[in-house]
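Single-structure report; data block below.
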Amino acid sequence: MTPEAVMSLTYQALRVALTIAGPLLLVTLMVGLLISIFQAATQINEMTLSFIPKLLAVGATLVLLGPWLLTTMVDYIRTLLESIPSLAV
């Protein structure tokens, strides 16, 4: 296996990982920011107030984007498994 092949596989793996994690992290960031603004405005310092909405938002995001995320991951794994014979040369 050449160094170029290793770098290509690493790049593809990182791209897929960021594609899958990106929407979940962005939703969590936005909900956390909104809750922080709400807590600062109302001076409520309850820790569960920020945890529960984030959990619900990530769950809703997984329900909405789950099929797309799963398709992305399956396509990457299928491509990786199909390229094994050419990598072994």
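List of remarks:
- Taking first residues from region 32-48 that are surrounded by 10 or more Cβ atoms within 10 Å (Cβ to Cβ) and partners that are not in a helix (DSSP H, G or I), the Cβ contacts under 9 Å between residues at least 6 apart in sequence or on separate chains come to 38/44; 39/45; 39/46.
- Residue check, residue 2 among the β-branched types (Val, Ile, Thr) and either loosely packed, with under 10 Cβ neighbours inside 10 Å or touching a helix residue (DSSP H, G or I) at 6+ places or on another chain (Cβ under 9 Å) (or both): yes
Laboratory data are not the source of any read-out in this text; all were calculated from the coordinates shown. Remember, predicted model here, so these are calculated numbers, not experimental data. Because the Cβ atoms are built from the backbone with ideal geometry, glycine has one as well, and the counts that use them run over all protein chains shown.
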